[in-house]
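Encoded as structure tokens, the structure appears first; notes follow it.
Just so it is clear, none of the values below were taken in a lab; they were calculated from the coordinates. Being a predicted model, the structure only gives us computed values, none of them experimental. Note that each Cβ is placed from the backbone with ideal geometry, even for glycine, and that neighbours are counted across all protein chains shown.
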Amino acid sequence: MNVVIFQIKGREDDLARGVAPAKDEDAVRQAWRQVQAERNIQAADVTRVHCLWQPSRVDRVFLAGMFGRVERTHQFDRPEGDDWTAALAHAAEVMARTAEEAAQERAEETVTDDGDDGEWLPVLRTHDSQLQHYAALPVVAGRLYLGFARTTVTPAGRVGMLHLLRNTVEEMGEEEYLALAGEAMANLKRGLFVRTYTDEEKGTLLTLGRGDDDLCAGSAIVLDDFHQNAAGKVGEDSVVVGLLSPDHIVVAGASSGWAEEIEEWVRTSPDTSGDLVPCALRLDGSPDIEIIAERPAGRLPADATA
């Protein structure tokens with residue numbers, strides 16, 4: 001996956017993001033089309049373009065013609081030729097290492113305040129996060145779990161999370177716990193919205209957002225009506241869900257032209273949140289959820305079904 005970030009008018013807090021397959025020669029052009037479909041942004045407003053993968057020659061021509069001499073940066077060099085094996089492996093290694101470092105930093109900065117600020121939200125995490133301490137419910141047994149956290153966002157955009165711990169749940173009554181879970185689900189659903197992107201050949205791609213920062217948007221997969229709504233919008237019962245990060249989720253039909261690309265996007269996701277290993281899920285309305293792809297992160301293999 002190539003994540004392309006367009007900075008608007010030099011503002012650090014105004015970043016528009018698009019995604020496209022890393023190998024595509026026109027990945028930046030695709031990302032720009034997605035951004036324009038979602039927001040009324042003019043090319044003249046863009047002051048910097050950052051790509052996960054170095055733009056191709058085709059995209060460099062596009063960037064020069066569309067945005068002129070704006071600042072352009074990238075994280076990983078585009079390999080010469082058609083063999084991406086080594087480049088993708090290197091990128092996965094770098095991102096996994098960065099994720100571990102970020103997780104360690106968050107562990108050292110764990111929120112301990114017991115105040116009443118913030119709101120409860122459902123939080124997704126992979127099995128080898130700090131599950132021995134956190135209260136968690138299985139989404140995919142042995143691999144993907146759901147917990148709850150009271151979240152705050154500072155004016156500077158920094159996110160704080162006070163996670164619900166196992167020993168706290170053990171001291172709560174059933175009604176109190178269910179009330180907290182219900183409150184978290186209601187908070188998640190409030191402000192949740194869906195963007196639809198349609199390609200004539202690939203079909204419909206959905207991206208979900210929430211509020212201004214998309215905080216915990218990926219947790220929408222646990223909502224009771226998620227599959228029904230997603231299936232209705234993409235036009236088939238079996239859907240593929242890409243959890244690119246806890247806050248970034250894409251959905252398409254399992255037989256659509258997007259399905260394989262979503263698997264690639266999760267395998268090359270640059271997310272460094274640490275608590276959730278980016279993964280692709282297949283949902284068909286049954287209780288079983290299947291993990292069909294994960295970003296390589298040096299972790300244990302995923303169980304197939306819940």
Simple spin-label estimate for Phe193 and Lys9 in nanometres, 7 Å along Cα-Cβ: 1.8 nm
If you line up the long axis of helix 27-38 against the longest principal axis of the chain, both from Cα atoms, how many degrees apart are they, to the nearest 10? 60 degrees
Just report the Cα centroid separation between segment 1-78 and segment 206-255, whole Å. 24 Å
Amide proton proximity set for Tyr134, modelled H, under 5 Å, gap of 5+: Arg166
Please work out the FRET efficiency for the pair Glu201 and Glu93, using the Cβ-Cβ distance as r and a Förster radius of 45 Å; give the result to the nearest 0.05. 0.85
Evaluate E = 1/(1 + (r/R0)^6) for Gln228 and Ala44, where r is the Cβ-Cβ distance and R0 equals 30 Å; express this FRET efficiency to the nearest 0.05. 0.10
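Charges only on Cβ, +1 for Lys and Arg, -1 for Asp and Glu: so what's the dipole of the chain about the Cα centre, in debye to the nearest 20?
The calculated dipole for the chain is roughly 1100 debye.
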Around Asp14, which amide H atoms from residues at least 5 apart in sequence, or from another chain, sit under 5 Å from its own amide H, with H modelled in the peptide plane? Ile8
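Apply the a/c threshold of 1.5 to the C-alpha gyration tensor of segment 192-294 and tell me whether it is rounded, prolate or oblate.
rounded
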So for segment 167-224, using the alpha carbon gyration tensor with a ≥ b ≥ c as root eigenvalues (a/c under 1.5 gives rounded; past that, a/b versus b/c decides prolate or oblate), I'd call it prolate
Computed, not fitted: 222 nm per-residue ellipticity of the chain from DSSP H runs ≥ 4 (each -39500 (n - 2.57)), nearest 500, equal to -9000 deg cm²/dmol
Note, Leu283: beta-carbon cut-off 10 Å, +1 each Lys/Arg, -1 each Asp/Glu, net -3
In terms of modelled amide H atoms, which long-range or inter-chain residues lie less than 5 Å from the amide H of Ser238? Ala254
Gain in span if fully extended, Ala186 to Glu80, counting 0.36 nm per residue against the direct Cα distance: 33.3 nm
By how many degrees, 0 to 90 and rounded to 10, does the Cα axis of helix 57-67 deviate from the longest principal axis of the chain? 90 degrees
Can you list the lysines whose alpha carbon is less than 20 Å from that of Lys233, not counting same-chain residues fewer than 8 positions off? Lys189, Lys202
Per the Cα gyration tensor, the chain corresponds to an equivalent ellipsoid with semi-axes, largest first in Å, of 32, 22, 20
For the chain, take the longest principal axis of its alpha carbons; what is the angle in degrees between that and the long axis of helix 174-189, to the nearest 10 within 0 to 90? 20 degrees
Please report, in whole Å, how far the alpha carbons of segment 2-78 spread along each principal axis, starting with the longest. 27, 23, 21
Spelling out what I want: for every residue of segment 42-53, take phi, set θ = phi - 60°, compute 6.51 cos²θ - 1.76 cosθ + 1.60 (Karplus), and round to whole Hz; glycine and proline get x. 9, 4, 5, 7, 7, 10, 7, 10, 10, 10, 5, 10
